[in-house]
Every structure is written in C-alpha cells, then in structure tokens.
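For reference, the structure is listed below as structure tokens.
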Amino acid sequence: MVVLWISFSVFVILSSFLGDTTILVGSIKYNALILSKSTVAIMQHLAVSDLLTSCLYTIFLISHAFTGPEPCNFILKLGGYFFYYNIYASYSFTAALTTVKLLSIKYPFRVRLWTKRKVHLVCVIIWVLCLLSPIPYQLHTTRKIFLQAKIWFEIVIELLLLLLVVFTSAWLIYEAFKVLRKRGNRIRREGLLTVIATAVVFTISVLPGLVTNIAYQQADYDSGDKVQKVYYYTVRINVMANFYIYSLTVTSFRKFLLERARLFKNFICCTTAAVEENITRSHTRVKNGQKFQPAGTEMTRVTNHSKQQPAGTEIKRMANQPEEQPAGTEMIGMANEPKQLPA
C-alpha cells in the first residue's frame, strides 16, 4: 500500500510539474491557448496554484523519506497552512473560471471589454482572500465546540459554497449553450467543453472530502476515515488533471504539444544519427591506422586552412603588382600631363 501511495504521488508531482509548466510557458510565450483573455488569465492562475501544491507534495515526500511518516512540527504546521491555502485557491479559481465562462455566454459584449489587467487584479484579490482560509485549521484546541466549528467552516463556507457555485455555473452554461444554439448563434465549443470538464473533475475530487467532514460531524469516525483515504487520491487528481483536459479539449494547445514533440523528435534523431556516424567513422579510421576525426571537421579545416607560402613572396607580389586605379582616371591623368616641347 505504501509503494502504491508513493508511486501515485510521484506520478501526480511529475504530471503537475510538466503539465502546469507547459501551460504557463505555452500560454504566455507562444499563445498556445487561443481562448478568451479572461479565461486564459484564470487558467494561468489555476496552473500556478496546482504547481505550488505539487511543490508542497514534493516537500512532504522528502520529509517522509528522511523523518518517517510523522514529520517535524514545523514542517507539519507550515505544510498544513500552505496545503489548505493552495487547495482553496484552486477551488476559487475553478469557480471563477466557470462563472466567467457563463458571463461570457450571457453577456458576450461586456466580457470582451474586460482587459487582462482587470482579470489578473481579481485573481490577486482571490489569492489574498485565500490567505485567511487556513487560519481555523491552525488553531489547536481541545474544546469540542471549536472542533465542530472548524468542520462546519470547511463544509459551509468553503467546500459547499464553491461546490454549489461550480454546479450552478456548469448547469447555466449548458442551458445558455442550448438557447444560443436554437437561436442560430455560434459558440466556441472548445472553451465550453474545457470549463465543463474542469468543473466535473473538480466535483469528483471535492465530494469525498465533503462526505468525510459530514461523517466527522456526525461522529462516525470509521466511515470518515475510510472516505478520507479516497479523498487523498481524488484531491491529487484535481491537481494534475488540467493539463490533460486542455490537451483533449483545446485544439490550439494540442497542436502546440504536437509541434514541440515533433521538434524534440527531430533533435533526438539528428543527435543519434551524428553519434552513429562518428562511431562508424572511428571504427573505419582505427582499421586503416588513421586518427579519428569527428564528422564535419574536414570541411571546416579545408576552409579555415590557408596554403603555406614562402617568406617574402607577399612583398614581391605587391611590388610587382600595379596599383589599381578607379575607372576613368587614366584619361584624366593624360590630360593633366604637360606637353613636351621640341628642343
């Protein structure tokens, strides 16, 4: 069981590192996500949140390898704070993504007027507000009323609210899509499918945690512990799923990945061919008793190597060679010469 857990965690970390980094680089530098500006901006912040969560998982794995299943108190407190911070930020950006997509369908002309700066400002506000969300989990107390308040805080204010927002937004997006299709208007299905798939994966990942907290609230700790084990897996699926969702639903991002994969393949093929050619040439030279020269160096030597000339020949050649004069200067010189008078 431990081997399965570690293998799954390593797979999640690698998928998140490679996937979220590709999303950020592709959307910022190469414009790989050809969607609305507001949608792409929120996707970038969502990728940053998932990337930070993967970094936290990496720290937990390293701490588990060196200190055992129970890490030190400092890592436990700091890791717990940033874990809830990044998780709630990811939930908030998912809710914002579905809400913005809904508004872009119902009010397309108003949403088009939004600039990237405004959308990024809203995302920064979400980051700041999420700083307050892990505080109740850092208050260590033994009073039953405070323990129940923590659970209800997570159920009502955080998970249940965001879950309802995502469900409502996904349903309204679907209804708006049907209405606009009946009227004959066109909708970009790529962005719509991307948002719906993100909301579905988010719902699957959050539901076990919600059931766990409800079971703890009802003092059914056995069922809560069983469901919590499932939650540990599903919450990690939400961290790495965005890269696969964008690859399947966004055509421009898929073309970007195929192009980069083709370039990488060509680079590997060229490198392998050059290595094989050098190995073949080295074997041939060794059999003939000659020194080995890497492929391509002969032409470089021929072009860079100048013929040896005896010393002093350059001066003689310059002395014997008449000076070059611009065209037409011979006639001018002859005209300026004084005429010779007879003696």
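List of remarks:
- Heavy-atom accessible area for C130, with the other protein chains in place and a 1.4 Å probe, reaches approximately 10 Å².
- Surface accessible to a 1.4 Å probe, M240 within the full protein complex, Å²: 20
- Across the stretch 1-117 the C-alpha pair distances fall into 5 Å bins from zero in the proportions 2, 10, 16, 18, 17, 12, 9, 7, 5, 3, 1, 0 percent.
- Solvent exposure ordering (accessible area, 1.4 Å, most first) of T280, T21: T280, T21
- Against the criterion of solvent-accessible heavy-atom surface with a 1.4 angstrom probe, Y85, Y233 sort, most first, into Y233, Y85.
- Each peptide in 114-122, 168-176 receives the mean, over its residues, of other Cβ atoms within 10 Å, and ordering these scores from highest gives 168-176, 114-122.
- Accessible area, probe 1.4 Å, largest first, for residues H45, H64: H64, H45
- Over 29 Å apart at the Cα level, from the set K77/K229; K101/K182; K29/K101; K29/K265; K29/K178, are K29/K178.
- Area accessible to solvent at V156, 1.4 Å probe radius, in Å²: 70
The values are calculated or read from the model by the stated rules, or taken from the named source; none is laboratory data. As the structure is a prediction and not an experimental result, all values here were calculated from the model. Cβ: placed from backbone, ideal geometry, glycine included. Neighbour counts: every protein chain shown. Heavy atoms of the whole protein, side chains included, go into the accessibility calculation; ligands, DNA and RNA do not. Shrake-Rupley method; radii C 1.70, N 1.55, O 1.52, S 1.80 Å.
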